[in-house]
Amino acid sequence: MKHLIIAFCLLLFNISFSQKKQDFILTSPDGKTEMKILVNDKISWTISHEKELILAPSAMSVTLDENVILGKNAVVLNSKKESVNASFETPFYKKKSVQNKYNQLTLNFKNDFSIEYRAFDDGVAYRFITKKKKNITVKNEEVVLNFDQDYNTLMPYVRDLRNPKDPFISSFESHYENKKISEFAKDTLAFLPFLIDYKNHKKAIFLEANVEDYPGLFVTNNSSKSGFESRFSKYPLKETNGGFNYLNKLITERADYLVKTEGTRNFPWRIIVISENDAALANNDMVQKLSEPSKIKDVSWIKPGKVAWDWWNDWNIYNVDFKAGINTQTYKYYIDFASKNKVEYVVLDEGWSVETDIMKHNPNVDLEVLIAYAKERNVGIILWSSWMALNNNIDGVFENYAKLGIKGFKVDFIDRDDAKMVNSVYDIAQKAANHTLLLDFHGMYKPTGIQRTFPNILNFEGVKGLENNKWTPNDDVPTYDCSIPFIRMMAGPMDYTPGAMRNATKSEFKPSHSNPMSQGTRCHQLALYTIFEAPLQMMADSPSAYMKEQESTDFIAKIPTTFDETVALDGEVGKHIAITRRKANIWYLGAITNWDSRDITIDFSFLEKGKKFQAEIFSDGLNADKAATDYKKEIITVDSTTKLKYKLANGGGLAMIIK
């Protein structure tokens with residue numbers, strides 16, 4: 001009898017143990033990446049690539065109200081594996097379609113939740129899924145990233161002095177700091193995406209996708225300093241007008257939860273992109289692959305293009321017989337410039353209206369006259385608005401200006417990604433689509449896939465763009481330019497606003513409000529129009545500057561803002577990059593370097609074999625190291641066997657149109 005009791009107890013113990021501790025393995029389609037999921041008292045995952053550890057065991061969980069922790073002592077009910085090999089069209093992107101190939105493991109747990117894991121050839125991802133009948137309150141989510149060594153990182157810290165008491169209020173504009181994991185800045189947060197350098201040519205980018213009805217993810221050092229752990233902004237309960245120039249909201253009280261949300265829902269994807277080749281990071285589609293498809297059925301009215309922009313150049317036009325400024329005559333001049341150069345849009349930035357009430361116009365700007373004037377010249381008008389002014393009357397504003405013939409809005413000073421603001425961004429996107437209006441979200445957190453869901457959103461800031469050159473003398477801009485294509489741009493398009501015609505060497509650069517300049521050469525600026533993704537791409541300098549440099553302007557005007565194919569030719573994070581993109585049967589090529597001059601070789605094997613092509617080439621001039629505006633233009637014949645060497649000056653570049 002004793003033996004039977006002992007055997008029975010052992011059986012119960014084994015059943016209990018098997019329920020508490022289970023291992024699952026998921027590999028990528030090419031077999032190089034392996035994900036191990038351990039379900040024990042906590043749920044954790046480990047990632048390796050070709051048997052080299054990428055992520056040490058790292059926990060994941062979601063805490064709901066009443067201290068329900070999804071992931072603590074979880075019981076697996078069943079598991080399911082499947083393989084997917086599909087593709088989808090991307091009409092406003094860097095390529096015409098995206099291949100979506102992955103292996104998937106779904107673990108279904110007791111307590112009405114699941115975790116979905118996906119392994120791609122270029123990375124891994126997971127997300128929680130809940131299937132509760134009633135609404136839930138999410139108190140916290142645990143996202144842990146542990147590492148086996150003290151690797152170097154490229155980390156964008158929250159650096160916003162406008163609201164030092166609330167680190168979650170941020171413009172999401174920071175250069176990357178190259179520090180070891182253990183050297184993470186104390187008492188601060190970093191936002192995504194960021195990079196880990198494994199020192200063996202492998203790098204990983206950490207980012208998120210499909211953030212809807214949920215706050216964005218920040219990270220801080222974990223207690224062991226061997227990795228990072230998540231931080232999220234709590235849901236705002238009370239807000240007051242304030243912030244920068246009273247154009248955004250200050251949070252005066254936050255809840256003790258992240259969001260109250262539907263009980264049956266998908267949570268955001270937690271993503272690790274893995275690469276053995278830096279260049280491949282600049283042509284990655286992970287966020288597109290993990291985002292919801294378009295909610296706009298008819299996208300024929302969405303027209304990408306370039307925009308003549310007023311604010312960066314301080315409305316500084318000259319050799320005219322009127323006083324330049326925020327007035328009807330000046331904007332007619334911008335419209336004439338756009339029309340002559342086949343630039344699709346002109347934006348009226350701050351000052352065209354009362355900033356706190358955009359239904360009230362600046363009396364010096366006759367908006368209806370400008371809309372009619374622009375329409376006659378095949379130019380669209382886009383209006384700037386602070387988020388706060390728009391949010392006061394979204395439906396009324398959109399209905400009014402859509403009827404007048406406005407093509408879209410540049411929405412600024414969002415400066416948060418708590419769940420309330422994320423929901424507002426989705427609401428604005430839907431209502432803009434209802435009125436066939438385009439959107440450019442400036443002063444914005446990094447994109448997380450909404451650009452696929454609402455393709456009327458053509459651009460996002462969340463990048464430390466050219467505007468900062470007006471006031472920051474010490475930033476190393478060329479190095480940043482050679483970093484963001486591998487990191488920030490992986491999240492989506494960037495409202496960086498290139499196009500400076502006043503170009504400066506490192507020693508000659510200085511900030512200027514009305515005559516701003518760029519760091520690096522003219523060809524560096526020209527190349528950015530191909531390298532930086534931006535379906536709605538600004539031309540930041542003034543019409544007077546562009547007309548003075550008509551040869552460069554003609555070149556910029558010919559570069560499209562969306563493409564059918566992208567090939568990342570070469571690159572190293574923070575040092576240099578070369579990308580070529582195709583639209584129809586024309587290729588566009590851009591290459592840039594940091595402050596180090598370097599020799600590069602362009603291999604034209606991406607061209608169709610057996611055909612001759614004409615290449616219009618802008619390369620750094622022999623004296624670009626002293627006069628950054630110096631360049632050489634040439635037109636030559638190339639084919640798929642051609643290999644050409646070019647010397648990029650300090651902060652230099654190379655730009656081509658090949659047809």
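The values are calculated or read from the model by the stated rules, or taken from the named source; none is laboratory data. This structure is a prediction, so every number in the text was calculated from the model and none was measured. Virtual Cβ from ideal backbone geometry, glycine too; neighbours counted across all protein chains shown. We work out accessible area using only protein heavy atoms, side chains counted, and drop any ligands, DNA or RNA first. Shrake-Rupley method; radii C 1.70, N 1.55, O 1.52, S 1.80 Å.
A few points about this structure:
- Highlighted here are the strands (runs of 3 or more DSSP E) found entirely within region 571-659 that include at least 1 residues which are more than 24 Å from the chain's Cα centre (by Cα), surrounded by fewer than 15 Cβ atoms within 10 Å (Cβ to Cβ) and free of Cβ contacts under 8 Å to residues at least 40 places away in the same chain: 631-638.
- Figure legend. Inter-residue proximity from region 396-415: first residues closer than 16 Å to Leu458 by Cβ, second residues hydroxyl-bearing (Ser, Thr, Tyr) and surrounded by 15 or more Cβ atoms within 10 Å (Cβ to Cβ), beta-carbon distance below 6 Å, spacing 6+ or different chains. Indicated pairs: Phe409/Ser385; Val411/Ser385; Asp412/Ser386.
- Matching residues, region 552-561, being open to solvent by 10 Å² or more (accessible area, probe 1.4 Å) and in contact with a strand residue (DSSP E or B) (Cβ under 9 Å, 6 or more places away or on another chain): Ala557, Lys558, Pro560, Thr561
- Of Lys289, Lys303, Lys332, all but one fail to be under 30 Å from Asp197 (Cα atoms) and either among the polar types (S, T, N, Q) or touching a residue at least 12 places away in the same chain (Cβ under 8 Å) (or both); the exception is Lys289.
- Total residues in region 195-204, condition surrounded by fewer than 22 Cβ atoms within 10 Å (Cβ to Cβ) and of a type in the set (Lys, Arg): 2
- Candidates Glu177, Glu142, filtered to the one that is under 23 Å from Asn474 (Cβ atoms), at pLDDT 95 or above and open to solvent by 20 Å² or more (accessible area, probe 1.4 Å): Glu177
- Filter result for Thr530 (at pLDDT 95 or above and in contact with a Pro (Cβ under 6 Å, 6 or more places away or on another chain)): no
- Cross-chain or 6+ apart pairs with Cβ under 6 Å, region 92-117 first and of a type in the set (Lys, Arg), then in a strand (DSSP E or B) and open to solvent by 10 Å² or more (accessible area, probe 1.4 Å): Lys94/Thr566; Lys95/Glu565; Lys95/Thr566; Lys101/Asn85; Lys110/Leu77
- Residues of region 130-186 satisfying the condition of being assigned to a loop (DSSP other than H, G, I, E, B) and hydroxyl-bearing (Ser, Thr, Tyr): Tyr151, Ser170, Ser171, Ser174, Tyr176
- Set Phe228, Phe232, Phe206: member being closer than 28 Å to Gln288 by Cα and under 18 Å from the mean Cα position of the chain (by Cα): Phe206
- Pick from region 205-259, criterion closer than 30 Å to Asp349 by Cβ and assigned to a loop (DSSP other than H, G, I, E, B), ranking: most open to solvent (accessible area, probe 1.4 Å): Glu212
- Selection over region 317-329 of residues that are open to solvent by 40 Å² or more (accessible area, probe 1.4 Å) and in contact (Cβ under 8 Å) with a residue 12 or more places away in the chain gives a count of 4.
Each row is one residue, and each column tells you yes or no for (1) assigned to a helix (DSSP H, G or I); (2) without any contact (Cβ under 8 Å) to a residue 12 or more places away in the chain; (3) touching a helix residue (DSSP H, G or I) at 6+ places or on another chain (Cβ under 7 Å); (4) crowded, with 24+ Cβ neighbours inside 10 Å.
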position	(1), (2), (3), (4)
Ser424	yes, no, yes, no
Arg452	yes, no, yes, yes
Val463	no, no, yes, yes
Asp475	no, no, yes, no
Pro485	no, no, yes, yes
Gln525	yes, no, no, yes
